[in-house]
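What follows is one structure encoded as structure tokens, with my remarks underneath.
The values are calculated or read from the model by the stated rules, or taken from the named source; none is laboratory data. Just so it is clear, the structure is predicted and the values come from calculations on it, not from any experiment. Here Cβ is always computed from backbone atoms with ideal geometry, including for glycine, and neighbour counts include all displayed protein chains. Areas reflect the complete protein model, heavy atoms only, side chains present, ligands, DNA and RNA absent. Shrake-Rupley method; radii C 1.70, N 1.55, O 1.52, S 1.80 Å.
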Amino acid sequence: MRPLFRLLAKLVVFRCISVYLVSSWFLTISSTAPVISLGEWRHSLRSFFHPAIIALILKLLNLLSLDSQILVYHVPRLAHALLFALADLSFYKICLRLCKTQGIADNSFLAYLSSWFVFYCSPRTLSNSLETSLTLIALNWFPFEGKSYKGSTWPYIALGVLTIVIRPTVSLLWLVFGLHHLCYSPNPIRLVLRTVLPVSLPILIGTSVIDSWAYGKPTIPLWNFLQFNVVQGGSALFGVHPWYWYIVSGIPAVLTVQTIPIIVGLLGPNIFRPSLLPFFATTFYIAVHSLLPHKEQRFLLPIIPLMCIYAGGAFQNLKKWRGSALAAMVAVNIGVTIFTSRYHQVGPFTAPRRIMEEWRGPHGKLSVAALMPCYSLPGHAFWHDQLDTLRLLDCSPDLEQLRLPTELDEADQFHANTTKWLTEKFSLEHQNYQRVLMYEKIYESSRRWFETNGWYQCIEKIWHSLALTSSREDNYMIVLCRNGY
């Protein structure tokens, strides 16, 4: 046990470093800043379980009078990172169980631990991060050995159900693992009646009660989510990608160089290959997700560890080149990690920090208008008590079909004709704000309107990113002040 404790201590330090190092924008709609105006919250598509955990952490900070801007932002991130450290240890133990030798297990663990995308996501308060860490911890109790497994199985069932409540799509993984468990159980009916149902039902009922109380009406978000995204195809409202996107873009982007040893490990000698059960679960997960219209890289986070299991055998087969290959994999991922965490899409965090530094003093609370693409800025949890109003362009999906089929949402209207939108809409409210934040090229295209209405650049332009992910972004952000104030 002592070596595992030492390993856990190292993993805790490793994940704490990620809390400090990762300071770039990825997806700012998270549990520390849930946007209630979003359709998925208005229509009860999400469980409040994850936000409730964050709320308890923030309430504790408040009771201890420790709710400063820095702690309110970083403590929830630290909590997610620490949970990921436990998940890392769990994954290492899984590798030891599944891989043929400890050398293969160590190689597989290093392939996972060096993943730039896991490091990039682990401290973020996304539901994907929580579902991934809980899934890895749950698999510690999964009977990979079949009938020869002698341990308890109820913990993996309990945590598995909890992950499904948090993000219903992870049920695709648990469906494969669950069927395997039933098939290799000496008494499947007894397993269902005496373990699965007694463990699952209290969790499902309890979370449904919490969600019904939070939404103010009887509801089951798990059912609503499946109905909306799978049956009605509503995920298309959040963006559409071709069915092959995960194969040609998503997976290569999140795995980078790990893709090669994973493929080699799967196709290589059977003597080095672990159980194919994680591969079957991963394949089913990707196949079903490929059929859904909306796709994102973060949806792949739970399957990265399951795929990295197969990288170990490929490295073990290299013999004298093993060390060089492992070092090259780690070096590439370190480079990608540093770039994506510190230099890529950093403007949404750098700009608010700069605004707050410049505003601090006897000015009172700040009102900011962020005329930028959707979800481009952190919410009130980041600004904390220095913010009065944060005005964002609305791009909520029209779930209630209030807009005409050809009518654009507010963000699309702004980017389609910025000056027209400023003249017709923003001219009625711009005096309510002390700062306006926008991308440089959008500002330059509408500079005359702003100067005519008393808005001028008052802070040096702020670096955002070298590689832009949208035509609506720019390399720099501009902060505007009204009449020099």
Filtering the stretch 455-475 down to residues that are within 19 Å of E410 (Cα to Cα) and hydroxyl-bearing (S, T, Y), which residue is surrounded by the fewest Cβ atoms within 10 Å (Cβ to Cβ)?
S471
Residue by residue through the stretch 445-454, note down the ones that are closer than 21 Å to A416 by Cβ and open to solvent by less than 90 Å² (accessible area, probe 1.4 Å).
S445, S446, W449, F450, N453
Flagged in the stretch 335-351 as open to solvent by less than 60 Å² (accessible area, probe 1.4 Å), touching a residue at least 24 places away in the same chain (Cβ under 8 Å) and in a helix (DSSP H, G or I), in numbering order, are V336, T337, T340, S341, G347, P348, F349, T350, A351
Name the one entry in S23, S47 that is closer than 17 Å to T132 by Cβ and at pLDDT below 95.
S47
With without any contact (Cβ under 8 Å) to a residue 40 or more places away in the chain and basic (K, R) as the only criterion, which of K295, K320 stands out?
K320
Restricting the first residue to the stretch 130-149 and requiring it to be under 18 Å from T195 (Cβ atoms) and among the small types (G, A, S), which pairs with a second residue that is assigned to a helix (DSSP H, G or I) and open to solvent by 30 Å² or more (accessible area, probe 1.4 Å) meet a Cβ separation below 8 Å and a spacing of at least six or different chains?
A138/L159
Might you let me know whether the stretch 177-195 holds any residue that is among the hydrophobic types (A, V, I, L, M, F, W, C), over 27 Å from L139 (Cα atoms) and in the same structural domain as P278 (by the TED database)?
no
For L179, work out the one condition from (1) over 25 Å from L292 (Cα atoms); (2) over 22 Å from the mean Cα position of the chain (by Cα); (3) without any contact (Cβ under 8 Å) to a residue 60 or more places away in the chain it doesn't fulfil.
(1)
Within the set of pairs 6 or more residues apart or between chains, which connect a residue that is free of Cβ contacts under 8 Å to residues at least 40 places away in the same chain inside the stretch 370-389 to a residue that is among the basic types (K, R) with Cβ atoms less than 8 Å apart?
L387/K365; D388/K365
Name the single residue, out of those in the stretch 381-440 being under 27 Å from the mean Cα position of the chain (by Cα), open to solvent by 30 Å² or more (accessible area, probe 1.4 Å) and polar (S, T, N, Q), that is farthest from N229 (Cα to Cα).
Q386
